[in-house]
Amino acid sequence: MMTPTMTYTGHFRALLRLGAPLMASNLAQFAIHITDTLMLGWYDVTALAAATLATSLLFVIFIVGAGFAQAVTPLVATAAEEGDTRTARRVTRMAVWLSIFYGGVVSIPFFVAEPILLAIGQTPAVAAAGADYLVIAILGMIPALIVMTLKSFLVALELTAFIFWSTVAAAVLNVGVNYLLIFGNFGAPEMGIRGAAIASVLMQAGTLIVLVIYILRKLPEQELLRNPFRPDPQIMSRVFRLGLPIGITSLAEGGLFTASSIMMGWIGEVALASHGIALQLASLTFMVHIAISQAATVRAGRAVGRRDETGLRRGAIASFVLSGAFVCLTIVAFLAIPRTLISFFVDPQAPSLPMILTLGTTLLAMAALFQIVDAAQVVALGLLRGLQDTVVPMVIAAFSYWVVAIPLSYLLAFTLGWGPQGLWLGLVVGLAVAAVCLCWRFIAGRKRRPLMELPGREKVGQHV
């Protein structure tokens, strides 16, 4: 357990010890998405288009439900610092319940996905292939949400190394099953896009089994499976109230980038391709800042458990400094070797390569600026979640992304005619508004509401 007098060096070490495996895990998770895209692209263009659409829909549904899982991290971190394994167990159990209920409800429409895809303007071929994917892949929704819950539980207890190794194993399993079932290698049936969906479900189910076994063996004192069917309305309400705003915040941010891609498509194919490359590179580096944010959530949650204002302040400064240091490295790379980075994503023989390199270089310069504010807002979000403050940050995010960023991007790109650069500038301004407001929320909150007034140990009664 940290002490209030822990030095800044100690905080940096704690953040790195907790965050480094999360960074690697996030990059491994990103690699799963990339390999799925590559392998389906090698198989069939229609399958790639259908899977891209289907996975986008699944991701939107998933990130909302994942809010309940993410609520586990601050609640369990605070309980763990207080030595309260009972509350930690209750929180995790009710997050699993909410994940199962949410996953079951949202899965229903996916079993009749083809008419829905046709209704939103997809071609018959894409709609049929997308429905084939969704009706299988949706079976992995509940396991995926439970996996997210268990990972959040482990993060709160600062056991992140196993999360990394389990994600790497899942990535390897995903590639192997894809290779067998998409293409029909080694005597397996050639199933195309259905094979990719089966691989996804097997990956989620396998990860769930491995995590459960690990937790039961590594943490028997947590008794995580004790009374799994006992309802706990008090804790369920708390997880719901904390988790739903987290899910909506994630939805608002994910929707921002989806909307930006749609608008960029109105400008043209080269603009959309350049935008996609810049966004992929920015997303790749953003995985590091998400890991720092996750670590900040844990450290802030533990500071709440100790009622440690000094530790909270020093941990917050360390989180921002660590994230800022990586931002500096990213800016140097984006400005120094943009053409090298862009060329990894484009066929050297493509006729549009010169135009993509020119525009992509400009957008990467915008992405360098983008990194500063994006890193600041996600770290501030992590700290606020550690303090169990999620409703006002949700409002700030929705306002910044959808009232500021999207209208301003449209205004600059189309009304003023600044094109792709204007669209990205709008995104930067919206994220800057979010960063300033969220940072101010954290700073002002420390003056307005000391840690002694925050919720801590629950009055647990007879619940176990």
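Figures for the structure shown
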read-out	value
Residue list for the range 342-355, filter: open to solvent by 30 Å² or more (accessible area, probe 1.4 Å) and of a type in the set (A, V, I, L, M)	LEU353, MET355
Among residues of the range 104-114, those that are under 18 Å from SER56 (Cβ atoms) and either in contact with an Asp or Glu (Cβ under 9 Å, 6 or more places away or on another chain) or not polar (S, T, N, Q) (or both), counted	5
Lone qualifier among LEU22, LEU38, LEU16, LEU27 - being of a type outside the set (Gly, Ala, Ser) and crowded, with 21+ Cβ neighbours inside 10 Å	LEU22
Count - residues of the range 287-301 that are open to solvent by 30 Å² or more (accessible area, probe 1.4 Å) and at pLDDT 90 or above	2
Matching residues in the range 398-440 - criterion: being of a type in the set (Phe, Trp, Tyr), within 23 Å of ALA380 (Cα to Cα) and open to solvent by 70 Å² or more (accessible area, probe 1.4 Å)	PHE399, TRP402, TRP440
Some residue of the range 252-261 being surrounded by fewer than 17 Cβ atoms within 10 Å (Cβ to Cβ), in a helix (DSSP H, G or I), acidic (Asp, Glu) and in contact (Cβ under 8 Å) with a residue 40 or more places away in the chain	no
Test: residue in the range 322-329 that is hydroxyl-bearing (Ser, Thr, Tyr), touching a helix residue (DSSP H, G or I) at 6+ places or on another chain (Cβ under 7 Å) and free of Cβ contacts under 8 Å to residues at least 24 places away in the same chain	no
Candidates VAL76, VAL91, VAL60, filtered to the one that is aliphatic (A, V, I, L, M), open to solvent by 10 Å² or more (accessible area, probe 1.4 Å) and not in a loop (DSSP other than H, G, I, E, B)	VAL60
Residue among LEU202, LEU224, LEU157 that is farther than 21 Å from GLY301 by Cβ and out of contact with any His (no Cβ under 9 Å at 6 or more places or on another chain)	LEU202
Selected residue (criterion: modelled with the lowest pLDDT) from residues of the range 416-452 that are in a helix (DSSP H, G or I), within 26 Å of GLU82 (Cα to Cα) and not basic (Lys, Arg)	MET452
Every pair of residues 6+ apart whose Cβ atoms lie under 6 Å, when the first sits in the range 149-177 and is at positive phi while the second is crowded, with 18+ Cβ neighbours inside 10 Å and of a type outside the set (Ser, Thr, Tyr)	GLU158/LEU18
Total residues in the range 114-139, condition in contact with a Leu (Cβ under 8 Å, 6 or more places away or on another chain) and either under 12 Å from LEU53 (Cα atoms) or at pLDDT 90 or above (or both)	9
Of all residues making up the range 356-397, the number that are open to solvent by 20 Å² or more (accessible area, probe 1.4 Å) and either more than 19 Å from the chain's Cα centre (by Cα) or of a type in the set (A, V, I, L, M) (or both)	16
Subset of the range 1-13 [open to solvent by 40 Å² or more (accessible area, probe 1.4 Å) and either within 24 Å of the chain's Cα centre (by Cα) or modelled with pLDDT of 75 or more (or both)]	MET6, THR7, TYR8, THR9, PHE12, ARG13
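The values are calculated or read from the model by the stated rules, or taken from the named source; none is laboratory data. From a predicted model like this one, the values you see are computed outputs, not experimental measurements. When we count neighbours, we look across all protein chains shown, and the Cβ atoms used for this are built from the backbone with ideal geometry, even at glycine. Heads up: the accessible areas ignore ligands, DNA and RNA and are worked out on the full protein's heavy atoms, side chains in. Shrake-Rupley method; radii C 1.70, N 1.55, O 1.52, S 1.80 Å.
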